[in-house]
Amino acid sequence: MRGLVRFLWGWLGVAALVLFGLPGATAASAHAPSPAEPQVLRFATGGVGGTYHPIGALIAEALTVLSGSAPGGGGGPSRSRLPDLLIVSQTSNGSVANVEAMQRGQVEMALAQSNIAEWAFRGTGRFQGAAPATSLRAVATLYRESLHLVARPAAGIRSVADLRGQRVSLDEPGSGTLGDVRELLAAHGLSERDLKPEFVKPDFALARMRNGMLDAFFIVAGAPMGILQEAASRQAVALVPIDGPEVDGLLGRLPFYSRMVIPAGTYPGVPDTPTIAVGAQLLVRADLDDSLVYRLTRTLWSERTLGILAKGHPKGAQIRPERALDGVSIPLHPGAERFYREQGLIR
């Protein structure tokens, strides 16, 4: 079955390019498939070096494979035909870029930080002055993701305050990380002008740090991050604590952040490290059919999908239905709401 899915994804890679290239290719494309073709939903995830991309790919695979069978049941779609629903996962710059793509109708599904979803939906925070992204609807909170501040041990960075004058990557424009970092710096009386900022993804940041061209970088991701685990197994890296009275003030002002500790051993040679966390949420467009989103939500929380997630990524084991509504502050899609009401999770 995995071979079938890989084949279909290869075929759909071309299809996705066509969808993006055609004028007027919007969410409406997902509502009226030809009877002989599967329905296609485009799913924006994140950069290859983070957690959104592998988690999103697993979700896309699970929902596609299971779309033709009863959740938790025995087989997926027959090998003799295409599934009737295909989820195409796509890399992206992250949360901000994802909600903007949803608002423009370029994708039907996306992963985003809970604070980014809140700000975009209400036209506040990072989106102050922009039109509210009223097309966004929540399906679930998947897991908590941690703000990592990774430093070169020789740089002597032991706190956020030590970043002054240092060469620091704040992640790419369009990422949720960049918005979080700006809030964190402001809480410490700092801004980008106090640093030597760069704006690159964590895989490039790690390479630059390894070559002595960068002192530290930020990334919001579910721990463990695969590329950081690999890097820490080959060379010493420091994970800088994010803690103290400045963080107390930040959490009091922005309650969608919470405290979290990245446990010792998550990355080789790195001890317990306090930091802040935010929820990673699965979003869909409001104009997706209610019955379709009900089906997606029911399949997401099936035993088989949960098994795929748990086996496929360390963070996948933390994706549990009892936490699905934690931190959801934008409206649920009616299809998802129907599922949670049936399960007694909302009344």
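Brief remarks follow.
- Among the residues listed as G94, G56, G47, the single one being in contact with a Lys or Arg (Cβ under 6 Å, 6 or more places away or on another chain) and modelled with pLDDT of 80 or more: G47
- Taken together, the criteria place D203 among residues that are under 19 Å from S95 (Cα atoms), in contact (Cβ under 8 Å) with a residue 24 or more places away in the chain, part of a helix (DSSP H, G or I) and in contact with a helix residue (DSSP H, G or I) (Cβ under 7 Å, 6 or more places away or on another chain).
- Leading residue by the ranking (farthest from the chain's Cα centre (by Cα)) among those in segment 87-121 that are surrounded by fewer than 24 Cβ atoms within 10 Å (Cβ to Cβ) and among the hydrophobic types (A, V, I, L, M, F, W, C): F121
A quick yes/no check of all residues on (1) assigned to a helix (DSSP H, G or I); (2) outside the structural domain of R253 (by TED's automatic domain parsing); (3) over 20 Å from A238 (Cα atoms):
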residue	(1), (2), (3)
R126	yes, yes, yes
V139	no, yes, yes
P173	no, no, yes
V181	yes, no, no
L184	yes, no, no
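- Every residue from segment 95-132 that is farther than 21 Å from L63 by Cα and in contact with a Phe, Trp or Tyr (Cβ under 7 Å, 6 or more places away or on another chain): S114, N115, E118, W119, A120, G125, R126, F127, P132
- Only one of L142, L178, L136 that is within 21 Å of K315 (Cβ to Cβ) and among the aliphatic types (A, V, I, L, M): L142
- Screening segment 262-290 for residues that are of a type in the set (S, T, Y) and closer than 29 Å to A60 by Cα and picking the one that is surrounded by the fewest Cβ atoms within 10 Å (Cβ to Cβ) gives T266.
- Failed item, numbered, when Q318 is tested on (1) under 16 Å from the mean Cα position of the chain (by Cα); (2) polar (S, T, N, Q); (3) outside the structural domain of A117 (by TED's automatic domain parsing): (3)
- Residue that is nearest to D162 (Cα to Cα), among those in segment 225-261 that are touching a Ser or Thr at 6+ places or on another chain (Cβ under 8 Å) and buried (at least 22 other Cβ atoms within 10 Å of the Cβ): I242
- Under the condition of being modelled with pLDDT under 95 and either in a helix (DSSP H, G or I) or within 12 Å of G50 (Cα to Cα) (or both), the residues counted in segment 210-242 number 17.
The values are calculated or read from the model by the stated rules, or taken from the named source; none is laboratory data. Since the structure is predicted, the reported quantities are computational estimates derived from the model, not experimental observations. Because the Cβ atoms are built from the backbone with ideal geometry, glycine has one as well, and the counts that use them run over all protein chains shown.
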